[in-house]
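Below is one structure, written out as structure tokens, with a few remarks after it.
The values are calculated or read from the model by the stated rules, or taken from the named source; none is laboratory data. Quick caveat, the model's predicted, so the values are computed rather than measured. Here the Cβ positions follow ideal geometry from the backbone for every residue, glycine too, while neighbour counts run over all protein chains shown. Ligands, DNA and RNA are stripped out before the accessible areas are found, and what is left, the full protein with its side chains, is counted by its heavy atoms. Shrake-Rupley method; radii C 1.70, N 1.55, O 1.52, S 1.80 Å.
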Amino acid sequence: MAAKTIISRPIYGTLSPQPGKHHLFIADAEGALAITNMAGKAPPGFFDGAEIVFIPDPEGKHISALEALRPAQLHLPPSFASLLPRLRQTLTNAHMGLRLYLAGTEGLIGQAMQAALEAGIDHTSIETEHRGSLARRMQCVHCKGITENVTTQPALCSHCGLLLLVRDHYSRRLAAFQGVCINAEDRSEIPPMEEAFP
Amino acid sequence: MSTGTTKLDVVVSDVVPVNDLVTRFHFRRRDGELLPTFSGGAHVVVEMRDGDRTRLNPYSLMGSPLDTREYTISIRRDDVGRGGSLFMHRSVKPGLEMVISYPVNLFSLDLRAKKHLMLAGGIGITPFMAQTAQLAGGGGNFELHYTCRTASLGTYADVLRERYGNRVRLYHDDREERIDLDRLLSSQPLGTHLYVCGPAGMINWVRDRAASLGWPPETVHFEHFAAPQPGAPFDVELAVSGKTIRVGEQQSLLEAIEAAGVDPPYLCRGGVCGQCETNVISSDGKFIHNDHWLSEEDHRSGCKIMPCVSRFEGKLLVLER
Ligand code: FES
């Protein structure tokens, strides 16, 4: 977990079973392991009221481990984009008592949280656990384009091509870190690009 | 009054009996100016000069926050309490000059909520009078469930029904009407916040059910109307101010400290805000912790006390005050 530098920088925890009957898990990649680890602490019958939405990697790793938890539903969308309409639908129809658990990459947690906030869930009542890559979802403050999976510092904006300093300044509304032009004064100045968010 | 709690000089502009137990009091500023704005759920602390005793009791503002020409509070008469409500009912008449605190809100609406679900018991209706007025003014989505002993003791039930129609549901104990709480809580849309004000038993019941039905604690707001409990007199040493005081049977520890000329901080005077927290330097005896602020561990340790509601029985109590 990254050190806390700027207040808006999200802090993640460790999933823990919450009271209630309805539990919605959204995870990608290694986030599956956060769910299986948590399962050890869950009371009997916990997964009878649980729905797990898992975006697997191309090899389909961890799917069988999640199946073994025998959740009420297991849904395996190919990408976050394809999951989003269904997630919005679920949240619109949901009632108080639904608990949300987000695990995996920062991009997934941020975007799922964004949908949850729109539905009126307070971010402090969402269980989160960061697993796997530190890759960031970044908004270029100049052209407003979003670049996914940024791992370097500085990073190239995939829309306008500016070289951006990836800041810890995070927008919950956009579910993205802010990228600011690093050589605005002198474009010929090209600082070395380093792997910063492996 | 205490550090951080600024006073307002007011005059009682009206006293209106509401039913057998409840009376409403109206206050205006003595200088004729508007009163400070407040938000629904706020309370003021009313200073009562009853002979040589001064009582400071908190009461929720029940008027609309959109109208600050006057403040209104409603007080239920408690014949076996420590006497504050009886003083208000018997001795406070229009024209009397009084001192009240600026409003403080420890029970505010979370305006990010998609819906506000309110549960009131008895005189616990008062903060909701202001909150519903505030929400109705802004087109907010709310629903109020109000339990009272009998229809005639359903303070302001008629006013609320008239204002808000079936957004207000009434339950009368004498007709065996009960809130179907589990169903009510389980059928609320995501993004609902819950507010409960009433007797301690009701608050505990609602908080407990909400928690086990999966409501996150951040979405559950409550306000206790916990008055300080009377009890056996006891002696206290105040280490910092070097005074020894006696806390009378009908007096709270906080009131006794104030009567000795020490000016401790407070906001709620009901054991929930944490402002009056005081360190215990030494003690020999039993604490009667009545607060909802300190953790169980704090209570057991005997190192802290909330003087607004808690008492002590024993030989020695030294506080850092
Ligand atoms: S004054 Fe609020 S806890 Fe004592």
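What does region A:72-198 give for Rg and for Dmax, in Å, if only its C-alpha atoms count?
Computed over the Cα atoms of region A:72-198, radius of gyration and Dmax are 16.7, 57 Å.
Excluding A:TYR101 itself, what net charge comes from residues whose Cβ is under 11 Å from its Cβ, given Lys and Arg +1 and Asp and Glu -1?
Taking every Cβ under 11 Å from that of A:TYR101, the sum is -2.
State the percentage of accessible surface on region B:210-321 attributable to carbon and sulfur atoms; use a 1.4 Å probe and exclude ligands, DNA and RNA.
It is 50 percent, rounded to a whole number.
Can you give the helix-only mean residue ellipticity at 222 nm for chain B, where every DSSP H stretch with n ≥ 4 adds -39500 (n - 2.57) and the sum goes over all residues, rounded to the nearest 500 deg cm²/dmol?
-5000 deg cm²/dmol
Under 5 Å between amide hydrogens, which residues at least 5 positions from B:CYS276 or on another chain qualify, with H placed 1.01 Å from N in the peptide plane?
Those qualifying (amide H under 5 Å, at least 5 residues apart or on another chain) are B:LEU267.
Stick to the Cα atoms of the protein assembly as shown, pair each with every other, and give me the Kirkwood hydrodynamic radius in Å at one decimal.
26.6 Å
Evaluate Rg over Rh across chain B, taking Cα atoms for both radii and Kirkwood's formula for Rh.
Using only Cα positions, Rg/Rh for chain B is 0.97.
In percent, what relative contact order does chain A have, based on Cα pairs under 8 Å that are 6 or more apart in sequence?
21 percent.
Applying a 10 Å radius around every beta-carbon, put A:176-184, B:301-309, A:51-59 in order of their mean neighbour count, most first.
Answer by packing, highest mean first, reads B:301-309, A:176-184, A:51-59.
Are there trypsin sites (Lys or Arg not before Pro) in region B:83-136 that DSSP marks as loop and that have at most 13 other Cβ atoms within 10 Å, and which are they?
B:ARG112
State, in square angstrom and to the nearest 100, the accessible area buried between chains B and A, both chains counted, probe radius 1.4 Å.
So the buried area, both faces added, is about 1400 Å².
Taking the Cα centre of region B:115-252 as origin, work out the dipole magnitude from +1 charges on Lys and Arg Cβ and -1 charges on Asp and Glu Cβ, in debye rounded to 20.
Charge dipole, region B:115-252, about its Cα centre: 300 debye, nearest 20.
Can you work out the Karplus-derived ³J(HN,Hα) for every residue in region A:12-25? Use 6.51 cos²θ - 1.76 cosθ + 1.60 with θ = phi - 60°, whole Hz, and x for glycine or proline.
Taking θ as phi minus 60°, the curve returns 10, x, 10, 4, 9, x, 9, x, x, 10, 10, 10, 10, 9 Hz for region A:12-25.
P(r) tail for region A:1-94, what percent of Cα pairs lie past 17 Å?
The answer is 55 percent, as a whole percent.
Please identify every one of the GluC sites (Glu not before Pro) in region B:193-266 that sits in a loop by DSSP and has no more than 14 other beta carbons within 10 Å of its own beta carbon.
Those that pass, being in a loop and sparsely packed, are B:GLU249.
Relative to the longest principal axis of chain A, what angle (0 to 90°, nearest 10) does the C-alpha long axis of helix A:106-118 take?
70 degrees
Over region B:1-130, with the other protein chains present, what is the accessible area per residue in square angstrom, probe 1.4 angstrom?
That works out to 42 Å² for each residue.
Report in % the part of the accessible area of chain A that belongs to carbon and sulfur, leaving out ligands and nucleic acids; probe 1.4 Å.
The C+S portion of the solvent-accessible surface of chain A is 54 percent.
How many Å² of accessible area per residue for region A:16-77, probe 1.4 Å?
For region A:16-77, the solvent-accessible area averages 47 Å² per residue.
What do you get for the angle between helix A:80-93 and the principal long axis of chain A? Use alpha-carbon atoms, 0 to 90 degrees, nearest ten.
Result, in degrees: 50.
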